[in-house]
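Colleague: Questions regarding the structure given below will be posed in turn.
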Amino acid sequence: MQLQVCNNNPRLMTFFVVGFNQYHEQTGSRFWEVQPNSCTTAWDYWWQSDRSVELNYQRSDIGWRNTIVYIPRQDDGATWTYSTS
């Protein structure tokens, strides 16, 4: 499944994802930007569902942070949304 990240914050957010792809290989995505109070789909990267990925993100004034995001079981080809403030 693909991951959509929503930035519920007034600052620009940059993120990348590390996890297991559809080929059962651990990999990282490219960097993505999410405009303030908006969402971005990390297109062309497919993650396994029913397991966790590591979401790494930064906003202009707080430096890099990471969080573990559990992705529930999804149908093949689905997009799942994660929101952060």
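Colleague: Can you check what the net charge comes to around Leu3, using other residues whose Cβ is under 13 Å from the Cβ of Leu3 (Lys, Arg +1; Asp, Glu -1)?
Modeller: So the environment of Leu3 carries a net charge of 0.
Colleague: Among Cys39, Ser52, Asn9, which residue has its Cα positioned farthest towards the positive end of the charge dipole of the chain, with +1 placed on the Cβ of Lys and Arg, -1 on the Cβ of Asp and Glu, and the dipole taken about the Cα centre?
Modeller: Value: Asn9.
Colleague: Using a 10 angstrom cutoff on alpha carbons, build the Gaussian network for the chain and name the most mobile of Asp75, Asp44, Asp61.
Modeller: Most flexible of the set in this elastic network: Asp61.
Colleague: Ignoring ligands, DNA and RNA, please state the percent of accessible area on the chain from carbon and sulfur, probe 1.4 Å.
Modeller: 44 percent
Colleague: Right, something else. Any idea what the relative contact order of the chain is, in percent, if you count C-alpha pairs under 8 Å spaced at least 6 apart?
Modeller: 40 percent
Colleague: In region 11-85, what GluC sites (Glu not before Pro) fall in a loop by DSSP, with at most 10 other Cβ atoms inside 10 Å?
Modeller: Here the GluC sites (Glu not before Pro) that fit, given the DSSP loop and packing criteria, are Glu25.
Colleague: Still on this structure, please answer the following. What net charge do the residues around Glu33 carry, taking every other residue with its C-beta under 14 Å from that of Glu33, with Lys and Arg at +1 and Asp and Glu at -1?
Modeller: +3
Colleague: Dipole size in debye (nearest 20) for the chain around its Cα centre, Lys and Arg Cβ +1, Asp and Glu Cβ -1?
Modeller: So the magnitude is around 280 debye.
Colleague: Here's something else I'd like to know. Of Trp80, Trp32, Trp64, which has the most accessible area with a 1.4 Å probe, and how do the rest follow in descending order?
Modeller: Trp64, Trp80, Trp32
Colleague: Indicate the gyration tensor shape class of the chain (rounded, prolate or oblate), computed on the Cα atoms with a ≥ b ≥ c the square roots of the eigenvalues: a/c under 1.5 is rounded; otherwise a/b larger than b/c is prolate and the rest oblate.
Modeller: Cα axes put the chain in the prolate bin.
Colleague: Taking H placed 1.01 Å from N in the peptide plane, check which residues at least 5 places from Ser52 or on another chain put their amide H under 5 Å from its amide H.
Modeller: Placed amide hydrogens put Ile71 under 5 Å from Ser52.
The values are calculated or read from the model by the stated rules, or taken from the named source; none is laboratory data. Source: prediction; values computed, not measured. With ideal geometry, Cβ positions are generated from the backbone for all residues, glycine too; neighbour counts draw on all protein chains shown. Keep in mind that these areas ignore ligands, DNA and RNA; they rest on the heavy atoms of the full protein, side chains included. Shrake-Rupley method; radii C 1.70, N 1.55, O 1.52, S 1.80 Å.
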